[in-house]
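J.: Right, I'll just put the structure down here and ask away after.
The values are calculated or read from the model by the stated rules, or taken from the named source; none is laboratory data. From a predicted model like this one, the values you see are computed outputs, not experimental measurements. Positions of Cβ are backbone-derived with ideal geometry, glycine not excepted, and every protein chain shown enters the neighbour counts. Please note that ligands, DNA and RNA were not included when accessible areas were found on the heavy atoms of the full protein model with its side chains. Shrake-Rupley method; radii C 1.70, N 1.55, O 1.52, S 1.80 Å.
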Amino acid sequence: MTFSVAELPLPGRLRPQVPMTDDELLRFCAANDGLRVERDVNGELLVMTPAGGRTGKKNTDVIIDLGIWNRQNDRGIVFESNTGFTLPDGSMLSPDAAWVERSRWEALSDLDQERFVPLCPDFVIELRSPSDNLAELKEKMERWIANGAQLAWLIDPIEEAVSVYRPGESSEVYNHPTSVLGSGVMAGFELVMTRIWD
């Protein structure tokens, strides 16, 4: 099996004849280290370039705020955008930011903590970049919820909007919010949007 995508226009989709196992996908990601890779439920790979400077800065601001909040309450583990999660439906997705309740993380074996994490985060944030298709991002948010996320935020700096997803509810859209407040597992977390909208 070839593990290089040098000829693929990016972002792009790649459908292996036989879906990759998690081990094969790990090797594929290692062979294409400068790229971001996700696997959908049908085994198709989405191969993306790294984030540009503005998106990277915004994502860093999100991670810093989430990390500070988590350090203050120490209830969970924060993950950044290079972390892959193997979901119950068989897909492997990498959110821009994620949070997992501590006992769920600690219940995993050392091996499972070293690989793509075999669970769905409790909370995810996706940050729209200029190259992202908004309809596809909305579908991705629904997949996070369908696979077990308790709360998911889609932050759209282009429209200055935040869509909030919860199980069993329609998504809520907040236009031009100055901050967004967590609920449920994320009660007490507030993301101030000023740096994100800049």
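J.: At a 1.4 Å probe radius, carbon and sulfur cover how many percent of the accessible area of the stretch 1-128?
T.: It is 51 percent, rounded to a whole number.
J.: Which of the peptides 171-182, 89-100 is most tightly packed, and how do the rest follow, judged by the mean count of other Cβ atoms within 10 Å per residue?
T.: Final packing ranking: 89-100, 171-182.
J.: Here's a follow-up. Starting from the coordinates of the alpha-carbon atoms of the stretch 97-176, obtain the Kirkwood hydrodynamic radius over all distinct pairs and give the value in Å to one decimal.
T.: Taking every pair of different Cα atoms in the stretch 97-176, averaging 1/r and inverting gives 13.6 Å.
J.: Just to confirm, what accessible area per residue do you get for the chain at 1.4 Å probe, in whole Å²?
T.: 51
J.: Which value in nm describes the separation of the simple spin-label points at K57 and Q113, placed 7 Å from the Cα toward the beta carbon?
T.: 3.5
J.: Please report the carbon-and-sulfur percent of the accessible area for the stretch 147-190; probe 1.4 Å, protein heavy atoms only, DNA, RNA and ligands left out.
T.: Roughly 47 percent of what the probe reaches on the stretch 147-190 is carbon or sulfur.
J.: Could I ask something else about it? Antiparallel as a % of all DSSP beta bridges within the chain, to the nearest 5?
T.: 85
J.: Once the stretch 1-110 is represented by equal point scatterers at the alpha-carbon sites, with solvent omitted, what log10 I(q)/I(0) does the Debye formula produce at q = 0.09, 0.12, 0.24 Å⁻¹?
T.: -0.29, -0.50, -1.33
J.: Multiply the residue gap between D23 and N133 by 0.36 nm, knock off their C-alpha separation, and tell me the result in nm, one decimal place.
T.: Length difference between fully extended and current span is 36.7 nm.
J.: Add -39500 (n - 2.57) for each DSSP H run of 4 or more in the chain, then divide by its residues: what number comes out at 222 nm, to the nearest 500 deg cm²/dmol?
T.: For the chain, the value works out to -8500 deg cm²/dmol.
J.: By average Cβ neighbour count within 10 Å, what is the ranking of 106-117, 151-162, 70-81 from highest down?
T.: Final packing ranking: 151-162, 70-81, 106-117.
J.: So what are the chain's ellipsoid semi-axes, whole angstrom, largest first, if each one is the square root of 5 times an eigenvalue of the alpha-carbon gyration tensor?
T.: Semi-axis lengths for the chain are 27, 20, 15 Å.
J.: With charges set only on the Cβ (+1 for Lys and Arg, -1 for Asp and Glu), what does the dipole of the chain come to about its Cα centre, in debye to the nearest 20?
T.: For this selection, approximately 180 debye.
J.: If you average the sequence gap of Cα pairs under 8 Å that are 6 or more apart and divide by the length of the chain, what percent do you get for the contact order?
T.: Dividing the mean separation by the residue count of the chain yields 14 percent.
J.: Would you work out if the stretch 52-152 is rounded, prolate or oblate? Take a ≥ b ≥ c from the square roots of the eigenvalues of the alpha-carbon gyration tensor; rounded if a/c is under 1.5, else prolate when a/b is larger than b/c, oblate otherwise.
T.: Verdict is oblate for the stretch 52-152.
J.: Where does each of 183-191, 59-67 land if you order them by average Cβ count within 10 Å, highest first?
T.: Ranked by mean Cβ neighbours within 10 Å, highest first: 59-67, 183-191.
J.: Cα centroid distance between the stretch 20-39 and the stretch 117-142, in Å?
T.: After rounding, the separation between the Cα centres reads 18 Å.
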